[in-house]
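Novice: Below you'll find the structure I mean.
The values are calculated or read from the model by the stated rules, or taken from the named source; none is laboratory data. On a predicted model such as this, the values are computed, not experimentally measured, just so you know. For neighbour counting, all protein chains shown are included, and Cβ atoms are generated from backbone atoms with ideal geometry for every residue, glycine included. When the accessible area is computed, the model is the full protein with side chains, heavy atoms only, and any ligands, DNA or RNA have been set aside. Shrake-Rupley method; radii C 1.70, N 1.55, O 1.52, S 1.80 Å.
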Amino acid sequence: MEITGTSSQIQDYIEQEAKVMETEALYQIKLLKMQQQSEAIAGTLLEDTVEISKEAMEKYLSETRG
């Protein structure tokens, strides 16, 4: 790709492109952090569900054997 214009215009173009790249990188980082948080929440929910299910099964078994 050929860039034409005055040196000031070329410098402005380069700076704008750098800002675009930086913004895209920051956005990707934000998306990764959101994904990690979602996975952590899902993991906690699964652990809680397993614990509740285990307690419910133990209560059921104690009542039916009881």
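Novice: Inspect all residues belonging to region 2-16 and state whether any of them is in contact with a helix residue (DSSP H, G or I) (Cβ under 8 Å, 6 or more places away or on another chain) and of a type in the set (Gly, Ala, Ser).
Specialist: Yes - at least one qualifying residue is present in region 2-16.
Novice: Going residue by residue through region 52-63, is there one that turns out to be without any contact (Cβ under 8 Å) to a residue 24 or more places away in the chain and surrounded by fewer than 10 Cβ atoms within 10 Å (Cβ to Cβ)? Let's see the steps before the verdict.
Specialist: First pass over region 52-63, keeping only residues without any contact (Cβ under 8 Å) to a residue 24 or more places away in the chain: 52-63.
Restricting the remaining residues to those that are surrounded by fewer than 10 Cβ atoms within 10 Å (Cβ to Cβ) gives 62-63.
Yes: region 52-63 contains one or more residues that are without any contact (Cβ under 8 Å) to a residue 24 or more places away in the chain and surrounded by fewer than 10 Cβ atoms within 10 Å (Cβ to Cβ).
Novice: Turning to a different aspect of this structure: Under 7 Å by Cβ, and 6 or more places apart or on different chains, what pairs join a residue from region 9-30 that is surrounded by 10 or more Cβ atoms within 10 Å (Cβ to Cβ) with one that is among the aliphatic types (A, V, I, L, M)?
Specialist: Filtered contacts from region 9-30: Ile10/Ile3; Tyr13/Ile3.
Novice: Taking Thr4 and the conditions (1) β-branched (Val, Ile, Thr); (2) open to solvent by 80 Å² or more (accessible area, probe 1.4 Å); (3) modelled with pLDDT under 95; (4) assigned to a helix (DSSP H, G or I), which numbered condition does it fall short on, given that it satisfies the others?
Specialist: Answer for Thr4: the failing condition is (4).
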